[in-house]
Amino acid sequence: MKNALLCCWMVTVSTSALALQNPDRALQTRFEGMLDALPAKSSMYAKHLPSGKEVEIRADAPMNTLSVIKIPIMVQAFQDAEAGRLDLDERYIVRPEDRRRGSGLLQTFAPGLAPSYRDILTQMIITSDNTATDIMMARVGHDRVNALLEERGYEQTRLLASTGELFRRVWELQDADHAQLTDAEVFERGFPSDPDASKRSFAFEGNSAEWLGRSTAREMSRLLEELYEAKLTSEASRDAMMEILQRQFYSSRLPRFIRFDAGVAHKTGDWPPIAGNDVGILLYEGGPTVISVFVNQNTGDFTKVEETIGAIAEALVDAWR
């Protein structure tokens, strides 16, 4: 018994010593355990910008971004606005064929609504509006978003499809004839609800050929760092994008435990309960910290996914304050 107690004491002392000698390594070990406890494919990367301290777990693994890929669409739009190519105050009339299911509010209004492009951009981020996303993607150009990413040296991060294309593929996997559905018909149908729909959705989310976007935790955090440091746009456009990101409606992940202690400028990406991502900039005294957490192919409790991401953000703020 004495030897067992001594052994336990030595392990505790050793762990405590490790935490004191290398607190960031201790953080990494802690986060790795938290993410590995999820029955899912996961990755993360965080960087404390003032000091350069990092935590990385499978940070270079390609992940399904889902709506996180809407961030570079926003960057391209603000670059176009600065170049005089896009007037953010110009109004766009939403047509019946523009409407998309999934997240967002524009689908709930009758066609004919005329928001400005600034409104559309804002909804694309803060409510992850899919109608807004496809309108904005058509306006700035899918290929131009990817050209921007390539020019900035992002090897993995790419916009792969529109949400309209994504949702049509969901129907096509049920029946190949559905490939002929128009955007309006896909919208009216919603999503398949047959007995095999959940099984197909899980396989669909995990198939990289079907993703809305692709990135890695390291690259997405680097994009956030460049955004924050105004390396992608002017400072005025940076401030406008930060203000939009801080108005994010969904607060059950990164802001979950720190919303009254730190600001969070962030973007979620969802296919619940299969996938739940959150990437952002944590703003607090002693910060900021950029962080990207991706959770794909989840087979467990989705609430646990959200709690884990929230707990990671809380621990980072506490450690790097």
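None of the figures in this text is laboratory data; all of them are computed from the coordinates on show. Here the structure is a predicted model, which is why all the values come from computation and not from measurement. Don't worry about glycine lacking a Cβ; one is built from the backbone with ideal geometry, like all the others, and counts go over all protein chains shown.
Structure data summary
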| quantity | calculated |
| --- | --- |
| Approximate spin-label separation E185-R321, in nm, with each point projected 7 Å along Cα-to-Cβ | 5.8 nm |
| For L88, residues with placed amide H under 5 Å, excluding near neighbours | none |
| Relative contact order computed over the chain (Cα-Cα under 8 Å; 6+ residues apart), in percent | 24 percent |
| Options T65, V279, V145, ranked by Cα towards positive dipole end of the chain, top entry (Cβ charges) | V279 |
| Partner aspartates and glutamates for K41 [C-alpha distance under 20 Å; skip if fewer than 8 residues away on the same chain] | E32, E56, D60, E205, E210, E219, D270, D278, D301, E306, E307 |
| Within a Gaussian network of the chain (alpha carbon springs, distance under 10 Å), most fluctuating of P62, P115, P50 | P50 |
| Calculated FRET value between E97 and S51, using beta carbons and R₀ = 41 Å, to 0.05 | 0.25 |
| Long-range HN-HN contacts of K53 with modeled amide H, under 5 Å | H48 |
| Label-point separation in nm, R144 to E225, each point 7 Å along Cα→Cβ | 2.8 nm |
| Student exercise, the stretch 24-320 dipole from Lys, Arg, Asp, Glu Cβ charges, in Debye to nearest 20 | 200 debye |
| Kirkwood Rh and Cα Rg combined as Rg over Rh, evaluated for the chain | 1.02 |
| Length-normalised contact order for the stretch 54-193 - Cα pairs under 8 Å, 6+ apart - percent | 23 percent |
| In the stretch 58-153, the chymotrypsin sites (Phe, Trp or Tyr not before Pro) that fall in loop regions by DSSP, at most 15 other Cβ within 10 Å | F109 |
| Entries of K231/K304; K47/K199; K47/K70 with Cα pairs more than 26 Å apart | K231/K304; K47/K199 |
| Assigned charges on the beta-carbon of Lys, Arg, Asp, Glu; the stretch 97-161 dipole about Cα centre (debye) | 140 debye |
| The stretch 192-254: chymotrypsin sites (Phe, Trp or Tyr not before Pro) in DSSP coil with no more than 12 other Cβ atoms inside 10 Å | F249 |
| Within a Gaussian network of the chain (alpha carbon springs, distance under 10 Å), most fluctuating of L35, L173, L66 | L173 |
| Long-range amide H partners of D129 with built H, under 5 Å | M124 |
| Degrees separating the helix 23-36 axis from the principal Cα axis of the chain, which is the longest one | 60 degrees |
| Per-residue HN-Hα couplings for the stretch 298-313 [Karplus 6.51, -1.76, 1.60; θ = phi - 60°; Hz; x = Gly/Pro] | 6, 10, x, 6, 5, 4, 5, 4, 5, 4, 5, 4, x, 5, 5, 4 |
| Positive-end residue, the chain charge dipole about Cα centroid, Cβ charges, pick of V264, W211, I135 | V264 |
| From phi via Karplus (6.51, -1.76, 1.60), per-residue ³J(HN,Hα) for the stretch 217-223 in Hz, x at Gly/Pro | 4, 5, 5, 5, 5, 5, 4 |
| Loop-located GluC sites (Glu not before Pro) in the stretch 22-93, at most 13 other Cβ atoms within 10 Å (DSSP) | E90 |
| For the stretch 263-268, Karplus couplings with θ = phi - 60° (6.51, -1.76, 1.60), whole Hz, Gly/Pro x | x, 9, 9, 8, 9, 8 |
| Degrees between helix 130-140 axis and first principal axis of the chain (Cα, 0 to 90, nearest 10) | 70 degrees |
| Backbone N within the stretch 283-321 under 19 Å of label point (7 Å from K199 Cα along the Cβ vector) | 297-300 |
